[in-house]
Amino acid sequence: MDRLPRPASLANRIAQTLRDDIAAGRFAAGARLPAEAALAETFGVSRPIVREAIALLKADGVLVTRKGSGAYVSETPGGQVWRVASAPDGGPTLAQLFELRRVVETACAAMAALRRTEADLDGIRQALAAMARHADDFPSAAAADIAFHHAIAQATHNPCFTGLTDFVSQQLLAARQRAWENSARLHAADGAPRAADAEHAALVDAIARGDADAANAAATAHLGAAARRMGLD
């Protein structure tokens with residue numbers, strides 16, 4: 001482990017370095033970490049900073065602490081909480097999060113087409129209708145948009161996809177609202193239908209028909225257009 005430069009969040013950086021060491025096998029499940037004083041010397045920081053990093057890893061289930069004994073790698077060293085690691089420059093960026101959204105939501109669309117039930121379709125269609133009702137109320141429209149993609153993720157019947165979709169959606173909430181505002185301005189300027197309406201409808205149609213390839217293509221087209229509306233392409 002090398003000494004770290006001094007970015008804005010030393011505790012997060014140290015926690016990520018320790019995660020990397022554990023993932024690389026330098027500390028196996030059940031292994032005891034070096035004492036706080038030794039870690040502080042290794043990283044060139046104070047003991048309270050090391051203590052904060054250990055607390056972060058403990059909260060995520062990566063480490064366990066034993067009173068008077070120190071910190072140990074848990075039996076589930078991958079942790080029990082998923083989070084985006086901070087990049088040295090403060091990432092992830094909006095573009096990086098949207099790239100993750102493209103991968104997750106196109107996969108969800110294809111899987112939902114194969115696994116959806118009639119109840120799932122009802123939920124998807126209700127969210128679609130809510131977007132139409134709230135099209136001019138941007139916060140409500142953005143929330144309905146999130147509910148729509150949540151309903152598609154739920155139709156995969158895999159809670160891992162649902163949880164990841166919800167996480168990315170919340171990270172992109174402000175950008176989604178800006179996209180609705182941009183779409184409304186274009187609609188007001190030339191009276192043309194909102195492009196997102198047709199994109200969402202095509203996605204619902206493909207899922208309802210059980211056509212995984214068409215659902216994937218519809219999601220890909222929608223997300224590409226959404227990226228342009230957010231100014232990401």
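The values are calculated or read from the model by the stated rules, or taken from the named source; none is laboratory data. Given the structure is predicted, the values throughout are model-derived calculations rather than measurements. Cβ: placed from backbone, ideal geometry, glycine included. Neighbour counts: every protein chain shown. Each accessible area value is taken on the protein alone, full model and side chains, heavy atoms only, with ligands, DNA and RNA left out. Shrake-Rupley method; radii C 1.70, N 1.55, O 1.52, S 1.80 Å.
Would you pick out the residues in the range 40-50 that are among the hydrophobic types (A, V, I, L, M, F, W, C) and in contact (Cβ under 8 Å) with a residue 12 or more places away in the chain?
Correct list: F43, V45, I49, V50.
Per-residue answers, yes or no, for (1) among the aliphatic types (A, V, I, L, M); (2) over 18 Å from A218 (Cβ atoms); (3) open to solvent by 20 Å² or more (accessible area, probe 1.4 Å):
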position: R101; (1), (2), (3): no, no, no
position: C108; (1), (2), (3): no, no, no
position: M131; (1), (2), (3): yes, no, no
position: D136; (1), (2), (3): no, yes, yes
position: F148; (1), (2), (3): no, no, no
position: D166; (1), (2), (3): no, yes, yes
position: Q171; (1), (2), (3): no, yes, yes
Reported set for the range 32-48 where residues are assigned to a loop (DSSP other than H, G, I, E, B) and exposed (fewer than 13 other Cβ atoms within 10 Å of the Cβ) is S46
Looking only at residues that are exposed (fewer than 14 other Cβ atoms within 10 Å of the Cβ) and touching a residue at least 24 places away in the same chain (Cβ under 8 Å) in the range 51-75, which one is nearest to G30 (Cα to Cα)? E75
Screening R176, R194 for residues that are open to solvent by less than 20 Å² (accessible area, probe 1.4 Å), of a type in the set (D, E, K, R) and at pLDDT below 75 leaves only R176
Residue check: is A214 at pLDDT below 85, in contact with a helix residue (DSSP H, G or I) (Cβ under 8 Å, 6 or more places away or on another chain) and part of a helix (DSSP H, G or I)? no
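Residue-by-condition table, conditions (1) modelled with pLDDT of 90 or more; (2) outside any loop (DSSP other than H, G, I, E, B); (3) open to solvent by 50 Å² or more (accessible area, probe 1.4 Å); (4) under 21 Å from Q170 (Cα atoms):
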site	(1), (2), (3), (4)
R3	no, no, yes, no
D21	no, yes, no, no
R83	no, no, yes, yes
G91	no, no, no, yes
